[in-house]
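What follows is one structure encoded as structure tokens, with my remarks underneath.
The values are calculated or read from the model by the stated rules, or taken from the named source; none is laboratory data. Bear in mind that the values here come from a model prediction, so they are computed numbers and not experimental data. Don't worry about glycine lacking a Cβ; one is built from the backbone with ideal geometry, like all the others, and counts go over all protein chains shown.
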Amino acid sequence: MKSTGAAISAPGLLFAVAGVAALLTPFMTLAANRIVAGEGVLAWNIAGPAAVTPGLIAVLGGLGLGLLQRPASLRLGGAVLGLGGLLWLLTQGASCLLAETGEYARVSPAVGFWVLLVVLMLLMADALTAMAPKPLMRGAILVAVLGALAIILGSGALSDLSVMQEYAGRSDAFAREAVRHLGLAFGSLAAAVVIGFPLGVVAHCRAALRSATLPVLSFLQTIPSLAMFGLMIPILGWVGATVPGARALGIAGIGFAPAFTALVLYSLLPVVGNTVAGLAAAPPAALEAARGMGMTPGQRLLRVELPLGLPIILTGLRIVLVQNIGLAVIAGLIGGGGFGTFVFQGLNQTATDLILLGALPTVVLALTAAIVMDILVDLTRRLPEDAT
Amino acid sequence: MKIGTVLRPVLVLLLLALVLRPQWFAPLFAPLAPSGGPVIYERASLLSLSLSHLALVAAASAAATVVAVTLAILVTRPAGAAFRPLSRTITNMGQTFPPVAVLALAVPALGFGAGPTLVALFLYGLLPIFENAVTGLTTLPPATMEAARGIGLNRWQRLWRVELPLALPVTLTGIRLSVVIALGTATIGSTVAARTLGEVIIAGLLTNNTAFVLQGGLAVGLFAVLIYDAMVQIERRLAKRMGG
């Protein structure tokens, strides 16, 4: 019925309803110190009317633009406007609320802020999906978004917020754990590629090996992460104690080694499985042609099967990278470091902001990795088409 | 296959023994426990922890299945088509959220205990089920759909008698993925005071008692592997029945 005019986007209506409902819930929380529960403050009470009104207008205007069906660029503009308004409200609220209270007081974003943030980001994602930008354009957008995030965080506009105060108190530890987290995620990916890729190539050629390895690897994958990390402790502790020289390399039951090993084990299935699937994806006609040209099996593998299977192999690496960035959080429980350290410290101290300090960078990292890998997969997929 | 028929009963018996009579394993675990420390976890029985772990996973997965399949049906109807690109974006991006982060973020909102774990398991479990159910409902063979329309089935009858049964195997795969993730995430739920087998592992980690870590890890690992295997068997049997 609506399809004749269709001036209003159905998801946009959902966003608007959810966004307005979120505005009616507490936007920020004011607490006497970092541990106690705070009390919620509604968006229009966080600062004086002169400071709040522009932000509210921007948020509502952004949601309003999101209602439009037609030019997706306008919906994108709406999302950016709304996010700008959200940021404005946050900075105004943080300084204004803190000005009226004692020195241990903490302000943090509350339900209303988080829901609005999610709604506006979904509006942005929905508009971008409709615009279907090319891979390089998506990369440029990602860089712009991350750049904006870095500028906002670096400018100190948010330094009154509780999470940023937690950060300020431990910026050295944060940098160290960030490096550790990246080392765990990317290091285990590299190790899994070094082990898994040759294994996948051999399994592609030998059916017997294929049917033996893949089920074992998929069973490994089902073992819950905490159990896997835990089971690595006695095993690596034993290796560290008995194998000469292992201890000198830093192999021990606690810390980096068991976390790293567990991550490598989890990574093998996507690497091996997708290598096998990718190499098998070459169309029979292409293989026939290669054979007709007199290529040896080795040449066929390098020049035909590998280039054609690259998107699928890279998809495997995407799965591994996103999965390992998330799983590396568990390393925090067994002394392996990473952002998980803050998450579990925060859970122990019931300090919400410390949990956020660990969880938010992990989420941003995982999302960024997923988007970058998607772009790479699309780029490799494009190549064979252009060649023809 | 042949290895499976031998290994499966052995693993089931091992799990049952571990959960029901953990003291049988005391000599095995003793060298790993700190000298003089407890060998077998006794603050709660492994059986009660297992039951509460499985109940948590079952409740979350059942709720996630109902909601995710309902949403998948809505999105694949003509009236809900406008939401399909959005739902795809949400599932793609949502699955990049680490389950642990979802769990940790649920705590500030819901406090400690089984509540945040249940919500995190439910929310995260929605995604694979929804994704697979949509795949199942949108990749139906056109000839079958045409035939269903031809014999005069209305839209509801087509949905119940043709589309949902045909989409069942793919949907089940999604449910399996979701259950496996839920089993693992529930284990971590012990860090937020949910009663699961993770409690044993974490107690072991905190007191440097590798015997605890190993018995908890073995029990959870065996549950996960056996449940995964059982669901694969069900899917296979179903696929065979529909194929022949």
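When the criteria are applied in full, B:A30 fails the requirement of being farther than 30 Å from B:L172 by Cα, among the hydrophobic types (A, V, I, L, M, F, W, C) and assigned to a loop (DSSP other than H, G, I, E, B).
The criterion of being within 12 Å of chain B (Cβ to nearest Cβ), polar (S, T, N, Q), closer than 22 Å to A:V118 by Cβ and not in a loop (DSSP other than H, G, I, E, B) does not hold for A:T25. Mind checking whether some residue in the range A:289-296 is more than 18 Å from B:V102 (Cβ to Cβ), of a type in the set (S, T, N, Q), surrounded by fewer than 18 Cβ atoms within 10 Å (Cβ to Cβ) and at the interface with another protein chain (Cβ under 10 Å from one of its Cβ atoms)? No, every residue in the range A:289-296 fails to be more than 18 Å from B:V102 (Cβ to Cβ), of a type in the set (S, T, N, Q), surrounded by fewer than 18 Cβ atoms within 10 Å (Cβ to Cβ) and at the interface with another protein chain (Cβ under 10 Å from one of its Cβ atoms). Is it true that A:G316 is buried (at least 19 other Cβ atoms within 10 Å of the Cβ) and closer than 28 Å to A:V111 by Cβ? Considered against the rule, which asks whether it is buried (at least 19 other Cβ atoms within 10 Å of the Cβ) and closer than 28 Å to A:V111 by Cβ, A:G316 comes out as no. Of all residues being at negative phi and free of Cβ contacts under 8 Å to residues at least 24 places away in the same chain in the range B:107-116, which is farthest from the other protein chains (Cβ to nearest Cβ)? Just the residue, please. Step by step, filter the range B:107-116, then rank; the result is B:G115. Every condition in (1) within 30 Å of A:A10 (Cα to Cα); (2) over 19 Å from the mean Cα position of the chain (by Cα) is met by B:V107 except one, and the failing one is (1). Taken together, A:G335, A:G340, A:G358 contain a single residue that is out of contact with any strand residue (DSSP E or B) (no Cβ under 7 Å at 6 or more places or on another chain), within 11 Å of another protein chain (Cβ to nearest Cβ) and farther than 19 Å from B:V102 by Cβ, which is A:G335. Please find, among A:Q345, A:Q299, the residue that is within 23 Å of A:V163 (Cα to Cα) and either surrounded by fewer than 23 Cβ atoms within 10 Å (Cβ to Cβ) or away from chain B (no Cβ under 14 Å) (or both). After ruling out the rest, the residue left standing is A:Q345.
Does B:L197 satisfy the criteria of being over 23 Å from B:T65 (Cα atoms), at pLDDT below 90 and at the interface with another protein chain (Cβ under 10 Å from one of its Cβ atoms)?
No; evaluated as a whole, the condition is false for this residue.
Take the conditions (1) more than 14 Å from every other protein chain (Cβ to nearest Cβ); (2) over 25 Å from B:T173 (Cβ atoms); (3) at pLDDT 85 or above; A:V163 misses just one of them, which is (1). Taking the criterion of being within 14 Å of chain A (Cβ to nearest Cβ), under 30 Å from A:Q69 (Cα atoms) and hydrophobic (A, V, I, L, M, F, W, C), the residues of the range B:25-83 that qualify are B:L71, B:L74, B:V75, B:A79, B:A81, B:A82, B:F83. Does A:T350 satisfy the criteria of being in contact (Cβ under 8 Å) with a residue 40 or more places away in the chain, within 14 Å of another protein chain (Cβ to nearest Cβ), touching a His at 6+ places or on another chain (Cβ under 9 Å) and among the polar types (S, T, N, Q)? No, not satisfied. Scanning the range B:156-178 for any residue that is within 12 Å of chain A (Cβ to nearest Cβ) and either modelled with pLDDT of 90 or more or assigned to a loop (DSSP other than H, G, I, E, B) (or both) turns up at least one such residue. Which of the residues spanning the range A:308-324 are under 20 Å from the mean Cα position of the chain (by Cα) and either of a type outside the set (A, V, I, L, M, F, W, C) or facing chain B (nearest Cβ under 7 Å) (or both)? Correct list: A:T315, A:G316, A:R318, A:V322, A:Q323, A:N324. Quick one: in the range B:180-192, of everything that is among the small types (G, A, S) and within 9 Å of chain A (Cβ to nearest Cβ), which residue is nearest to A:Q349 (Cα to Cα)? For the range B:180-192, the residue satisfying everything is B:S190.
Checking the range A:175-191 against the condition returns a match, with at least one residue being under 25 Å from A:G340 (Cβ atoms), buried (at least 16 other Cβ atoms within 10 Å of the Cβ), in the same structural domain as A:R300 (by TED's automatic domain parsing) and of a type in the set (K, R). Within the range B:220-244, restricting attention to residues that are crowded, with 19+ Cβ neighbours inside 10 Å and among the aliphatic types (A, V, I, L, M), the residue that is farthest from the other protein chains (Cβ to nearest Cβ) is B:L222.
Screening the range A:69-94 for residues that are surrounded by fewer than 17 Cβ atoms within 10 Å (Cβ to Cβ) and over 28 Å from the mean Cα position of the chain (by Cα) and picking the one that is modelled with the highest pLDDT gives A:P71. Note on the range A:215-301: enclosed helices (runs of 4 or more DSSP H) holding 2 or more residues that are within 29 Å of B:A203 (Cβ to Cβ), within 33 Å of the chain's Cα centre (by Cα) and not aromatic (F, W, Y) are A:225-242, A:256-279.
Cβ separations smaller than 7 Å between residues 6+ apart or across chains give the following pairs from the range A:241-254 residues that are touching a residue at least 12 places away in the same chain (Cβ under 8 Å) to residues that are among the hydrophobic types (A, V, I, L, M, F, W, C) and surrounded by 12 or more Cβ atoms within 10 Å (Cβ to Cβ): A:I251/A:L236; A:I251/A:V239; A:I251/A:A257; A:A252/A:L236; A:G253/A:I233; A:G253/A:L236; A:I254/A:I233; A:I254/A:I334.
Take the conditions modelled with pLDDT of 95 or more and either surrounded by fewer than 16 Cβ atoms within 10 Å (Cβ to Cβ) or not small (G, A, S) (or both) and apply them to A:V194. Does it pass? Walk me through how you get there before you give the answer.
Numbers: modelled with pLDDT of 95 or more: yes; either surrounded by fewer than 16 Cβ atoms within 10 Å (Cβ to Cβ) or not small (G, A, S) (or both): yes.
In short, yes.
A Cβ distance below 9 Å, combined with a sequence gap of six or more or placement on separate chains, defines the contacts here; from the range A:320-342, residues that are under 22 Å from A:V193 (Cα atoms) reach residues that are of a type in the set (D, E, K, R) in the pairs A:A328/A:R180; A:A331/A:R180; A:G336/A:R180; A:G338/A:E177; A:G338/A:R180.
Taking the criterion of being closer than 17 Å to B:I73 by Cα, surrounded by 12 or more Cβ atoms within 10 Å (Cβ to Cβ) and hydrophobic (A, V, I, L, M, F, W, C), the residues of the range B:138-172 that qualify are B:L140, B:M145, B:L159, B:V162, B:L164, B:L166, B:A167, B:L168, B:V170, B:L172. For the range B:174-190, the tally of residues that are more than 18 Å from B:L51 (Cα to Cα) and surrounded by 21 or more Cβ atoms within 10 Å (Cβ to Cβ) stands at 4. Against the list (1) under 17 Å from the mean Cα position of the chain (by Cα); (2) under 30 Å from A:I35 (Cα atoms); (3) more than 8 Å from every other protein chain (Cβ to nearest Cβ), the condition B:V100 fails is (3). Scanning the range B:179-202 for residues that are among the charged types (D, E, K, R) and not in a helix (DSSP H, G or I) yields a total of 1.
Going by the conditions given, is B:A203 closer than 16 Å to A:G230 by Cα, buried (at least 21 other Cβ atoms within 10 Å of the Cβ) and more than 8 Å from chain A (Cβ to nearest Cβ)? Considered against the rule, which asks whether it is closer than 16 Å to A:G230 by Cα, buried (at least 21 other Cβ atoms within 10 Å of the Cβ) and more than 8 Å from chain A (Cβ to nearest Cβ), B:A203 comes out as no. Can you say whether B:L137 is farther than 21 Å from A:I319 by Cβ and at pLDDT 90 or above, as far as the supplied structure shows? For B:L137, the condition - farther than 21 Å from A:I319 by Cβ and at pLDDT 90 or above - is met.
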